Amino acid sequence: MSQATNNLAAYIWSLADLLRGDFKQSQYGRIILPFTLLRRLECVLAETKEAVLKQVEIVELMNLPEEGQEKLLLRATVTAKNSNGLSFYNTSKMDLSTLGEAGIKANLEKYIQSFSRDAREIFDHFKFSEFIALLNDANLLYKIIQKVRTTDLSPTAVSNYEMGLVFEELIRKFAESSNETAGEHFTPRDIVRLTTSLVFMEDDDALTKEGIIRTIYDPTAGTGGFLSAGMEYVHEHNPQAVMSAFGQELNPESYAICKADMLIKGQNVSNIKLGNTLSNDHLYANKFDYMLSNPPFGVDWKKIEGDIKDEHTLKGFDGRFGAGLPRVSDGSLLFLLHLISKLRDGAEGGARIGIILNGSPLFTGGAGSGESEIRRYILEADLLEAIVALPTDMFYNTGISTYIWVLSNKKSTERKGKVQLINGVNLCGKMRKSLGSKRNEMGEDDIREITRCFGDFAVVDARELDKPTEQKSNRGRQSANPKAEVAKTFAAKIFASHEFGYRRITIERPLRLSYQFSDDHIAALRYESGALNAAMKWVYAEYGQRWSNEFDATAKINVGSDSSDQTSYGQLAAVETEIRAYLKSHFADLKEKHIKDLLAPQTWLNQRDLLLKAKHLQAIIGEAQCDDFNGYDDALKAALKTAKLSLDTKEKKQLTDAVCWKNPAAAKVIKKVHKGTAKPLYGLFTVGNEVIEYVPDGDLRDNENVALDPTRSVNDINEAYFIKEVQPHVADAWIDASKTDAKDGEIGIVGYEIPFNRHFYQYQPPRDLIDIDADLDAISAEIMALLQEVHS
């Protein structure tokens, strides 16, 4: 930005001197920006104003709809210098110099309403009429207009490019003056510059050839910073290149600023849309050459969940989200998928993407999850070129770690099948004054370091940077042997895309059960095993002793009998109030349905009958512990037959759960005997002359992540890993062959993650124990001395 444009921006922003005291600092931009736009539009229209007013007289007689009127009036803006004409007009005979002082509010509002629809919409979204009223009430409107109207913003004095720079500087000042919300709509200029450089530096044609035409798109346009930066970058290298900007923004005020900026730059503002990009893509048919975006970090998409899921389910890869859906709590990857869907086809020259994301998209979600499937799609399609780790505290509204992802469908030969990771977390300096959460900024040298590394596609071993060490607080006790400072380094690594992938195989181990019909085990059958279990135990302990004799263990079972010895068992009507009060305070999670079941006598009688059956089975089976569950079903069946009893499915399950438990010393539970060939690695073991499959123990189930290797078969990789890493530790384990990947059908579910920090971790040994002990001794001695002073 030149000194002249910088001075002009400072002069315009000096309007804030008039506003100070009557308006908050965060409101200055909402007044200065629309007035700047208004003056620029007026200056641009000055040359064709007379022609437009003559055309208005003709058009008004035609009785055309607004759209038809606009087309005819825009023709009047065509001049010898500008054969294409302008994209806006104003039909008022007034201008800022002729509004007068009396009735200035009404005149200004009428003047603004005389603009063409696109220009008028910008002022509407600024809510400019509200601020006009406030300025008028504060007796400042006339003063502001007098200063604005004397500012020369004509195209002869300030070119579109220079005016764009001025307006961007005003946007920056506005963002910094309201830094509590700036981060939602404004990306810091250093980050914008770096991202833009990474995306555009590979396109030699755009940066060198005359008359080249390129499109640039931002689905989260904010105030238009990325769009402006992209156009500036190309203009600096190739002033003859033509850049067409497209964007969409959700926030009306940011949309107005962006649209105003594009209007000032001479862009077609109909390409800037208002609305939610994910649920309502207004540019659904467009493909672009360059895409830049800084989507909101960690913002959920619950409000538009239905729209997104419908597109994923109904359209698949014909829509934007065919690769998968991330969890609803973070929609960052949805924006990335949206951008990928906008890539111009490789046959037409391809496209490039630069997007800023937090750390979550790198690793959140295991194999088979939506996030992992999205990463898989990106890496297997070979779209990812590089990821750059940025310093912390770089944004206005968050200090978290952030990363720039660079993607392209026109990779150079040397980049094909590879991904470059660049660790630039230390390439920054402290700001003299923080802006919200932004405490660090990247200088030109820092940006150059990253772009050079990216452009060279180079591996950089950890290299110490000439950066000042962190200032540490001198408050409190200072250690005599402080921990050594960690050197600030810069590094870059290159990986094959498949190195970020793995196959998650499921490792099973056999279930081992013992059973015993002991009094302690079958006593649990007095109570239901589900939600009522704990509550029934309390009720029985509190009121059960009042019930009459339950049963004789040797008596004949008569389920549901109304005999005299059962009449009071389970009767709780007399104490229902007390029970409900206790349940409300101690078992608040119990629903009314459960409480009614608890108070129903039949619930207690059913459990008592099951307990009685278990007593009879105990008399037949005995109370000895058995460590081979494989004979359990036969023993139970025989005992039921002898006792002439039967158990329904629910009763059998509860009985089995009561008398059985897992025992590492017990025999393995057999699931099935097979006739085929043994495959011990996959759970088919040879036992004697039989091939046995065991029941897996869910509690012992584990997963192992096996690195992908495209040079070997999946089974070879899995088996080699299992034999080396699993079998030596758990000899009875096996691979679950039923867990296969949904896409390739191979054993194991494919997952992808990019553990950025793990690849750049630098081990720092802990302090020596002798030094730590010395510090503790010193502190202890000082404490004792202080205590002696207190007691003396």
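See the values below:
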{"item": "Residue in the range 295-316 that is touching a Ser or Thr at 6+ places or on another chain (Cβ under 8 Å), closer than 26 Å to residue 174 by Cα and modelled with pLDDT of 95 or more present", "result": "no"}
{"item": "Within the range 397-451, strands (runs of 3 or more DSSP E) holding 2 or more residues that are within 17 Å of residue 352 (Cα to Cα) and either in contact with a Gly (Cβ under 8 Å, 6 or more places away or on another chain) or at pLDDT 95 or above (or both)", "result": "402-408, 418-423"}
{"item": "From 364, 402, 398, residue being within 18 Å of the chain's Cα centre (by Cα) and surrounded by fewer than 20 Cβ atoms within 10 Å (Cβ to Cβ)", "result": "398"}
{"item": "Which listed residue, of 355, 374, is among the β-branched types (Val, Ile, Thr) and part of a helix (DSSP H, G or I)", "result": "374"}
{"item": "Residue satisfying all of: in the range 289-325; in contact with a strand residue (DSSP E or B) (Cβ under 6 Å, 6 or more places away or on another chain) and assigned to a loop (DSSP other than H, G, I, E, B); surrounded by the fewest Cβ atoms within 10 Å (Cβ to Cβ) among these", "result": "297"}
{"item": "Filtered residue count, the range 54-74, keeping only those that are touching a residue at least 12 places away in the same chain (Cβ under 8 Å) and surrounded by 14 or more Cβ atoms within 10 Å (Cβ to Cβ)", "result": "7"}
{"item": "Matching entry among 642, 603 (being of a type outside the set (Gly, Ala, Ser) and free of Cβ contacts under 8 Å to residues at least 24 places away in the same chain)", "result": "642"}
{"item": "Where a residue in the range 106-118 is in the same structural domain as residue 52 (by TED's automatic domain parsing) and its partner, wherever it lies, is at pLDDT below 95 and among the aromatic types (Phe, Trp, Tyr), with Cβ under 8 Å and at least six apart", "result": "112/123; 112/128; 115/88; 115/89; 115/123; 116/88; 116/89; 118/88"}
{"item": "Residue in the range 407-458 that is surrounded by the most Cβ atoms within 10 Å (Cβ to Cβ), counting only those that are among the hydroxyl-bearing types (Ser, Thr, Tyr) and more than 30 Å from residue 381 (Cβ to Cβ)", "result": "437"}
{"item": "Any hit, the range 65-85, residues being within 40 Å of the chain's Cα centre (by Cα) and either closer than 23 Å to residue 160 by Cα or outside any helix (DSSP H, G or I) (or both)", "result": "no"}
{"item": "Scope the range 267-288; condition more than 14 Å from residue 227 (Cβ to Cβ) and part of a strand (DSSP E or B); matching residues", "result": "274"}
{"item": "Residue 283 vs. criteria at pLDDT 95 or above and crowded, with 20+ Cβ neighbours inside 10 Å", "result": "no"}
{"item": "Residue count, the range 492-506 (criterion: touching a strand residue (DSSP E or B) at 6+ places or on another chain (Cβ under 8 Å) and surrounded by fewer than 20 Cβ atoms within 10 Å (Cβ to Cβ))", "result": "7"}
{"item": "Subset of the range 1-27 that is hydroxyl-bearing (Ser, Thr, Tyr) and more than 37 Å from the chain's Cα centre (by Cα) - its residue that is surrounded by the most Cβ atoms within 10 Å (Cβ to Cβ)", "result": "5"}
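Here's the yes/no breakdown for (1) part of a helix (DSSP H, G or I); (2) at pLDDT below 95; (3) at negative phi:
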{"position": "568", "(1), (2), (3)": "no, yes, yes"}
{"position": "576", "(1), (2), (3)": "yes, yes, yes"}
{"position": "584", "(1), (2), (3)": "yes, yes, yes"}
{"position": "589", "(1), (2), (3)": "no, yes, yes"}
{"position": "602", "(1), (2), (3)": "yes, yes, yes"}
{"position": "605", "(1), (2), (3)": "yes, yes, yes"}
{"position": "608", "(1), (2), (3)": "yes, yes, yes"}
{"position": "617", "(1), (2), (3)": "yes, no, yes"}
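The values are calculated or read from the model by the stated rules, or taken from the named source; none is laboratory data. This is a predicted model, so every value here is computed, not measured. We place every Cβ from the backbone using ideal geometry, glycine too, and count neighbours over all the protein chains shown.
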